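K.L.:
The following block contains the structure, expressed as structure tokens.
The values are calculated or read from the model by the stated rules, or taken from the named source; none is laboratory data. Every value quoted in this text rests on a predicted model; they were computed, and no experiment measured them. All Cβ positions, even for glycine, are placed from backbone atoms using ideal geometry, and neighbour counts span all protein chains on display. Keep in mind that these areas ignore ligands, DNA and RNA; they rest on the heavy atoms of the full protein, side chains included. Shrake-Rupley method; radii C 1.70, N 1.55, O 1.52, S 1.80 Å.
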Amino acid sequence: MEIFQIVGIGIIATILVTIIKGVRSDFAIYVSIVAGVIIISMIIKDISFIISTIRNLSRIADIEITYFSTILKIIGTAYVVEFGSQISRDAGENSIAMKIELAGKIIIMTLAIPILLALMDLILKIMP
């Protein structure tokens, strides 16, 4: 199973980071970043499957694709922000991590506004 490979890479990277921090702490962050990129590259096909399934569901349900593409952008933004903030935390930069998370929240709210407006419009049409 792929999850065992991913967890194995994570554990090996954690051990390497722990060992390298004692010798050359500046290289430890690089090991962390490389491990993250390897893990993400391993799950790209799963992400592609999720996106195609959601697109098919939107076609079947006859729901406007822009809403689903917006939701996918929101989910993708959340994952990228989480990845970036964790890298910053691994490097000991909690302040930068918090700023990345704040920026991600603002971008997510900006992306969600069209869906919120459409929902409000629908509610107003339903109400007498």
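K.L.:
Say we look at the range 93-122 and pick out the residues that are of a type in the set (Gly, Ala, Ser) and surrounded by 12 or more Cβ atoms within 10 Å (Cβ to Cβ); which of these is farthest from residue 36 (Cα to Cα)?
P.N.:
Looking at the filtered set, the residue picked out is 118.
K.L.:
Turning to a different aspect of this structure: Residue 48: of a type in the set (S, T, N, Q), free of Cβ contacts under 8 Å to residues at least 40 places away in the same chain, open to solvent by 50 Å² or more (accessible area, probe 1.4 Å) and part of a helix (DSSP H, G or I), yes or no?
P.N.:
Yes; evaluated as a whole, the condition is true for this residue.
K.L.:
Return yes or no: is residue 38 assigned to a helix (DSSP H, G or I), at pLDDT 85 or above and exposed (fewer than 12 other Cβ atoms within 10 Å of the Cβ)? It would help to see each step written out before you state the result.
P.N.:
Details: assigned to a helix (DSSP H, G or I): yes; at pLDDT 85 or above: yes; exposed (fewer than 12 other Cβ atoms within 10 Å of the Cβ): no.
Considered against the rule, which asks whether it is assigned to a helix (DSSP H, G or I), at pLDDT 85 or above and exposed (fewer than 12 other Cβ atoms within 10 Å of the Cβ), residue 38 comes out as no.
K.L.:
Say whether the condition of being over 18 Å from the mean Cα position of the chain (by Cα) and of a type in the set (A, V, I, L, M) is met by at least one residue in the range 77-95.
P.N.:
yes
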